[in-house]
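A quick write-up on the structure given underneath.
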Amino acid sequence: MVPIRDHERLIVALDTSDINEVKRLVLMLKSHVGMFKVGLELMMARGGPQAAEYLRSLDVRVFYDGKFCDVPHAVEPAVRTVAGIGVDFFTVHVAAGRASLEAAARAKGKSRMLGVASLTSIDYRESMESMRDSPAGVIARAAQLLSDVGADGIVCSPLELSQLTPFPKLCRVATGVRPSWHWLADDDQKRFTTPFQAVVGGADYLVVGRPLTNPPRSVASPVRAAELIAEEIGHAREHRP
């Protein structure tokens, strides 16, 4: 197996509806990151499959963050559609239940299926209120279910990565990643760490949005932001237990 290079562990969240901005960012960053994430905003503005197909035409790897959550007969053809486009990763929501997760696993083809269980905008109090468990408990139960149904990985906050130790075969994709040089006054993320902390904690991939696509003046450009985060990933991997 070819080793994954540090910059290839970085996934850019394309949180925009502007297709010209998408093209600008992809062409600028494609040699400096590993993958680009199609999220809800871009899906609603351009159509999810169409956006994924456009990114594939630019010769980049695609993370399709559809968070499919529906009955099995709806989830299975939806997954088959995005897998047919050739996306590398796609997401299903664990709340869809075992049967829908099994349907997604049947349809995933060569794409890798990741489960989502707890958004990083949810803090401990809200997690207990809405899911009757802590974020750590939610992720631990989700990891067991995803492992049982044949999923390839899980998306979670870096703060819950320690819950995944019993599941070494699950790929770990961390969201809620904030470099120390990018503080956001209006940040909606409640559970986050730096790239270094996430990788030391066991993350295989990091999803990063605004710190990459709109970095502070001190960093100067998205390319430089990607380089700094890749350097931090490499440094962290040297310090992993």
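Read the figures in this text as sums done on the coordinates, not as results from a lab. Computed from a prediction, not measured in an experiment: that's the story for all the values here. Cβ placement follows ideal geometry from the backbone for every residue including glycine, while neighbour counts extend to all protein chains displayed.
Charged neighbours of Thr16, selected by a Cβ distance under 11 Å, balance to 0 (K, R count +1; D, E count -1).
Subtracting the Cα-Cα distance from 0.36 nm times the residue separation, let me have the gained length for Phe167 to Ser180 in nm, one decimal. Display every interim value, and only then the final one.
Numbers: separation 13, 0.36 × 13 = 4.68 nm, distance 2.95 nm.
Here the segment from Phe167 to Ser180 would lengthen by 1.7 nm.
Calculated mean residue ellipticity at 222 nm for the chain: -12500 deg cm²/dmol, from DSSP H runs with n ≥ 4 weighted as -39500 (n - 2.57), summed, divided by the residue count and rounded to 500. Length gained on full extension, Arg5 to Arg80, computed as 0.36 nm times the residue gap minus the Cα-Cα distance: 24.1 nm.
Along the stretch 19-33 the Karplus relation, 6.51 cos²θ - 1.76 cosθ + 1.60 evaluated at θ = phi - 60°, assigns HN-Hα couplings of 5, 5, 5, 4, 4, 4, 5, 5, 5, 6, 9, 4, 8, 10, 9 Hz to successive residues, with x for each Gly and Pro.
Placing a pseudo-label 7 Å from each Cα along the Cα-to-Cβ vector at Leu40 and Ser134 gives an inter-label distance of 2.7 nm. Of the listed pairs Lys67/Lys110; Lys23/Lys67; Lys23/Lys108; Lys108/Lys169, which have alpha-carbon separations greater than 20 Å here? Beyond 20 Å: Lys23/Lys67; Lys23/Lys108.
Would you mind getting me the FRET efficiency between Asp148 and Leu58? Use the beta-carbon distance for r and R0 = 45 Å, nearest 0.05.
With R0 = 45 Å, the Cβ-Cβ based efficiency is 0.80.
Annotation for the stretch 130-179 versus the stretch 75-124: alpha-carbon center distance of 14 Å. Percent relative contact order of the stretch 73-226, based on C-alpha pairs within less than 8 angstrom and at least six residues apart? Once divided by the residue count of the stretch 73-226, the mean separation gives 18 percent. Here the chain is treated with +1 on each Lys and Arg Cβ and -1 on each Asp and Glu Cβ, and its dipole about the Cα centre works out to around 420 debye. Measuring nothing but how far apart in sequence close Cα pairs (under 8 Å, 6+ apart) lie, relative to its length, the stretch 98-178 scores a relative contact order of 33 percent. Potential lengthening of the chain between Ser121 and His73 amounts to 14.3 nm, from the contour at 0.36 nm per residue minus the alpha-carbon distance.
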